[in-house]
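What follows is a short report on a single structure.
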Amino acid sequence: MKMSDTREIAAPPAAVYAALLDADTLKACVPGATEVTGNAADGFEATVVQKVGPVKATFKGKVALSDMTENEALTISGEGKGGAAGFAKGGAEVRLAPSDTGTTLSYDVEAKVGGKLAQLGSRIIDGFAKKMADQFFSNLQDHLEGPADPATEDADAAPEAEKKGWLGRITGKS
C-alpha cells in the first residue's frame, strides 16, 4: 500500500532534518517504540510494540537511511519481524522545503506486511499503516514545535473545573 501527505512544521529545515537523524527523537516519535539505538550512518535498530486489529506483537527490526541530501530529502527504509504475527517492511521518501512558517515536509510511504498480519485484510492494514504514518509525523511536529500553549491548556481545563464545582453544589460535596 502507498500513501502520501504534506505537513507544515514551525521549525527550519535543518532542525527537521537533524531530528529525523536522531535516535532519541525517533524513539519519541515512532508510535509504540520501546527502544531505538544506532545512528544515521550505520542505521538504527528498533523495538516497537503494536496492536493491529486482534494481533499484538513486538517487532524488532532495522531502519536504514539513504539518498540523503542535507536539509532537503532522505529515504527511510525499515523492516521488522514480529514472531508469529509476521513481518512488516516499508519505506518513506521524505522531502523538506523552506516555507513562510518554517518547513513543508512531504512524504510518500510504501508498506508491506506478511504472516498473520496479512490475513487481517487490506482495509485494516491500510488504515493502520496510515494511522502510524500520520502519528509519526504528528509526533515529530509536536516534538519540534514544543508543547501546546499553556494558556490554551488552562482555558481548556477551566470548564472542567466549573463542571466539578457545579456538580459539587448539587450534591452538597465540594
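The values are calculated or read from the model by the stated rules, or taken from the named source; none is laboratory data. Bear in mind that the values here come from a model prediction, so they are computed numbers and not experimental data. All Cβ positions, glycine included, derive from the backbone under ideal geometry; neighbour counts span all protein chains shown.
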field: Residue tally, condition surrounded by 15 or more Cβ atoms within 10 Å (Cβ to Cβ) and either over 14 Å from the mean Cα position of the chain (by Cα) or hydrophobic (A, V, I, L, M, F, W, C) (or both), over the stretch 2-14
entry: 5
message: Test of understanding: among 33, 64, which residue is out of contact with any Phe, Trp or Tyr (no Cβ under 9 Å at 6 or more places or on another chain) and surrounded by fewer than 20 Cβ atoms within 10 Å (Cβ to Cβ)?
response: 33
query: Just checking, which of 106, 122 is among the polar types (S, T, N, Q), touching a Lys or Arg at 6+ places or on another chain (Cβ under 7 Å) and either in contact (Cβ under 8 Å) with a residue 24 or more places away in the chain or within 24 Å of residue 6 (Cβ to Cβ) (or both)?
result: 106
- line: The condition of being among the β-branched types (Val, Ile, Thr), in contact with a helix residue (DSSP H, G or I) (Cβ under 6 Å, 6 or more places away or on another chain) and at pLDDT 80 or above holds, among 75, 69, 103, only for 103
- request: Answer with yes or no whether residue 57 is assigned to a loop (DSSP other than H, G, I, E, B) and surrounded by 19 or more Cβ atoms within 10 Å (Cβ to Cβ).
  value: no
query: Can you tell me which residue in the stretch 67-110 is nearest to the chain's Cα centre (by Cα), limited to those that are surrounded by 19 or more Cβ atoms within 10 Å (Cβ to Cβ) and not in a strand (DSSP E or B)?
result: 82
task: Kindly provide the set of residues from the stretch 42-54 that are modelled with pLDDT under 90 and either within 17 Å of residue 14 (Cα to Cα) or not in a strand (DSSP E or B) (or both), ordered by number.
output: 53, 54
